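Okay, so here's the structure we're looking at.
The values are calculated or read from the model by the stated rules, or taken from the named source; none is laboratory data. These numbers come from a predicted model, not from an experiment. Glycine also receives a Cβ, built like all others from the backbone with ideal geometry; neighbour counts cover every protein chain displayed. Side chains included, ligands, DNA and RNA excluded: accessible areas come from the protein's heavy atoms. Shrake-Rupley method; radii C 1.70, N 1.55, O 1.52, S 1.80 Å.
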Amino acid sequence: MDKDYKRTLEQAVRHLCNGADAVCTDFELHSGVPRLDYMTGGYTWDDHYVWDSWANFQWVGFLTGRLWLLHLLTRKQRYADTAMQLCERIGPVLASHPTVFSSTGIDMYYALTLGYQISKDDKLKRWAFAGGDNFANIFDTGAKAFLQIAHADRIVIDTGLNLPSMLWASQWEAERAALAYRHLDTVLEVGLLRVDGSNCHAAALHPRTRAVTGLFSLQGWNNDSVWARGQAWAMLGFAHAYEASRMPHYLAAAQLAADWYVAHAPQGWVPHYDYNDPDRESLPYDSCAASIATAVLMRLARWLPDRAGRYREVATETLKALLANFLTSGGVMLHGTWGRMRHIEAGKPRLGRFPQEDVMPYGNYWIVECLYRALSKDWSILALNDKA
């Protein structure tokens, strides 16, 4: 690795530690659960863990995963200690309640599963397994897929993000991943990954028959456009599935999505929220999409030697751009957005302030994973099976 590039990566780790140290210090003063502030990237504190609300979700798993990986990068024990205590505050809840919002799968993997991989503490594995059992509550047998939210009548490309704990658990009991693989196959069958490799965000379900009635976008410019974060979700979900199963059709899907992403890499490397919005140059970037996709390209480069050179080039240049222009000295990833949020349910609060930017929960985790993968040769801690 070029020395200047390595120094850039190590400086970024120090910036992330600035933010992590502040969180750990605050943690010592509070008995509750941290909540991400979309305006600042900092955290406020709630009395209890919110597991059953889309609008009020706290995104604890991403913070915990960030601390676990920073512990590995720096060997600072306070990061591991805080991460473990956060797991202890959310794990029993995830193990005790039926899932109603698919993003609890984030907390299961990035907090509990990753924590088990690092600590080998059996209680984290037990909670992750029980959480996986509870996740079946949002599997729709008619649609043959997980719903984004209980009773929401839609399948979304995002949900592959929420399944890695179940894929990982199949190393011990194969049936634990059965619904996850069925979901991902349904995503392919209904066309959320288009023939050209671009993503369509969501599939609407008939309220009675559960048949797909149409494809649409919740957060992109229109139903036929390409929402940037959805493209990264497509890459991620199928990369997870391939890593866990070694089934070639999942690698083919991840490659198809990655080839589209690489072919459409914009000037400056970081995409705006949607590739097709005619006003996109004056609308928010999606640093989250870039950081997620970068981490996936690093993984795919190890599995696809014929594409490794180009994938690594795009990953490296994108990571450089993110560190230079999007990451603050306090470790906050700026320039993100929820997107247009065009599909708003009656009685539900609207997330985001589009066209203004927000600090998003995703980028603050994935920038750490990008750094971990760039600085470490052994990725076994993040692997979904022991052969990856």
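Using a Cα-Cα cut-off of under 20 Å, which aspartates and glutamates could be cross-linked to Lys76, ignoring same-chain neighbours fewer than 8 residues away?
Hits, sequence-local ones excluded: Glu10, Asp21, Asp26, Glu28, Glu88, Asp121, Glu369, Asp378.
Rounded to the nearest whole Å², what accessible area per residue is found for the chain with the 1.4 Å probe?
Accessible area per residue, the chain: 38 Å².
Over the chain, what is the relative contact order in percent, taking alpha-carbon pairs closer than 8 angstrom and at least six residues apart?
In percent, rounded to a whole number, it is 16.
Using a Gaussian network model of the chain with C-alpha springs under 10 Å, which one of Thr209, Thr74, Thr113 is most mobile by mean-square fluctuation?
Thr209
Build a GNM of the chain with springs between Cα atoms under 10 Å: which of Ser31, Ser329, Ser103 gets the top mean-square fluctuation?
Comparing Ser31, Ser329, Ser103 in the GNM, the peak value goes to Ser31.
Taking the range 285-375 as the region of interest, what is the percent of Cα-Cα pairs per 5 angstrom bin, listed from the shortest bin to the one with the maximum distance?
2, 14, 22, 19, 15, 11, 9, 5, 2, 1
Return the ratio Rg/(2.2 N^0.38 Å) for the chain, where Rg is computed over Cα atoms only.
Ratio of Rg to 2.2 N^0.38 Å for the chain: 0.90.
Between Ala22 and Tyr5, what is the label-to-label distance in nm when each label sits 7 Å out along the Cα-to-Cβ direction?
Between Ala22 and Tyr5, the simple spin-label model gives 3.0 nm.
Considering all projection directions equally, how large on average is the shadow of the alpha-carbon convex hull of the range 84-204, in square nanometres?
Seen from a random direction, the Cα hull of the range 84-204 projects 7.5 nm² on average.
For the range 100-130, which trypsin sites (Lys or Arg not before Pro) are both in a DSSP coil and crowded by at most 10 other Cβ atoms within 10 Å?
Listed in order of number, the matching sites are Lys120.
Out of the trypsin sites (Lys or Arg not before Pro) in the range 278-321, which ones are loop residues according to DSSP with at most 16 other C-beta atoms within 10 Å?
Here the sparse-neighbourhood loop sites are Arg307.
For Lys144, go through the aspartates and glutamates and keep the ones whose alpha-carbon is under 19 Å away, minus same-chain ones fewer than eight residues off.
Within the straight-line limit of under 19 Å, Lys144 reaches these aspartates and glutamates: Asp133, Asp153, Asp158, Glu175, Asp185, Glu189.
Select from Ala178, Ala80, Ala128 the residue whose mean-square fluctuation is largest in a Gaussian network model of the chain (Cα-Cα springs shorter than 10 Å).
Highest fluctuation among the options: Ala178.
Give the calculated FRET efficiency between Glu88 and Arg246 to the nearest 0.05, with a Förster radius of 35 Å applied to their Cβ-Cβ distance.
For R0 = 35 Å, the calculated efficiency reads 0.55.
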